[in-house]
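Readers should treat all values here as calculations from the given coordinates under stated rules, not as data from a laboratory. Please read all numbers here as calculations on a predicted model, not as lab measurements. Note that each Cβ is placed from the backbone with ideal geometry, even for glycine, and that neighbours are counted across all protein chains shown.
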Amino acid sequence: MKFERLKQIREMQELTQKELANILNVERSTYAGWETGKDTIPLRRLNKLCDYYKVSIDYATGLTNDSTCYKVIDIDAKTVGKNLKKLRKKHNLVQKDIFIPLNTTSSTYSAYETGKVLIKTDFIYTIAKEYNSSIDQLVGKKI
């Protein structure tokens, strides 16, 4: 999944891919894959990147044009899971209504909601977009 703003924000900060890769403690080629959309940046790395840039995850992923940075946190899978479940219940959905469009399994999605596994970035982005929500809110950065 390609997030166009990753490159824009990096260039605005006048950083090279190599410099940013060092900040995130990854290889330059790994970061380049995220920036080009060849690979999807893991949610914890995206959070770290946004904290470094002082922008919201929603802004970096293009969900909003508001770059307001919320609190700096370490993403916790249990918090994310609880918020995913809350969002699902708010929209009167069952898990099947979410995991089928994501093209994943019931057990995988259940593991996300119970906080056993941290949800993939592309999945949380799709959910936030589909249900007019905020990734920052789902991960606990925004109240």
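Summary table
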| quantity | calculated |
| --- | --- |
| Sequence-separation-based contact order of the stretch 4-60, relative, with Cα cut under 8 Å and 6+ spacing, percent | 31 percent |
| 222 nm mean residue ellipticity, helices alone, for the chain (DSSP H n ≥ 4; -39,500 (n - 2.57); rounded to 500) | -16000 deg cm²/dmol |
| Loop trypsin sites (Lys or Arg not before Pro), the stretch 86-130, which have at most 16 other Cβ atoms in a 10 Å radius of their Cβ (DSSP) | K116 |
| Answer label for P(r) over Cα pairs in 5 Å bins from 0, in percent (calculated), chosen among [x] 2, 10, 20, 23, 19, 14, 8, 3, 1, 0; [y] 2, 10, 18, 19, 15, 12, 9, 7, 4, 2, 1, 1, 0, 0; [z] 2, 9, 20, 24, 24, 16, 5, 0 | [x] |
| The stretch 30-79, dipole about Cα centre (Lys/Arg Cβ +1, Asp/Glu Cβ -1), debye to the nearest 20 | 120 debye |
| Quotient of Cα Rg and 2.2 N^0.38 Å for the stretch 4-60, N being how many residues it contains | 0.97 |
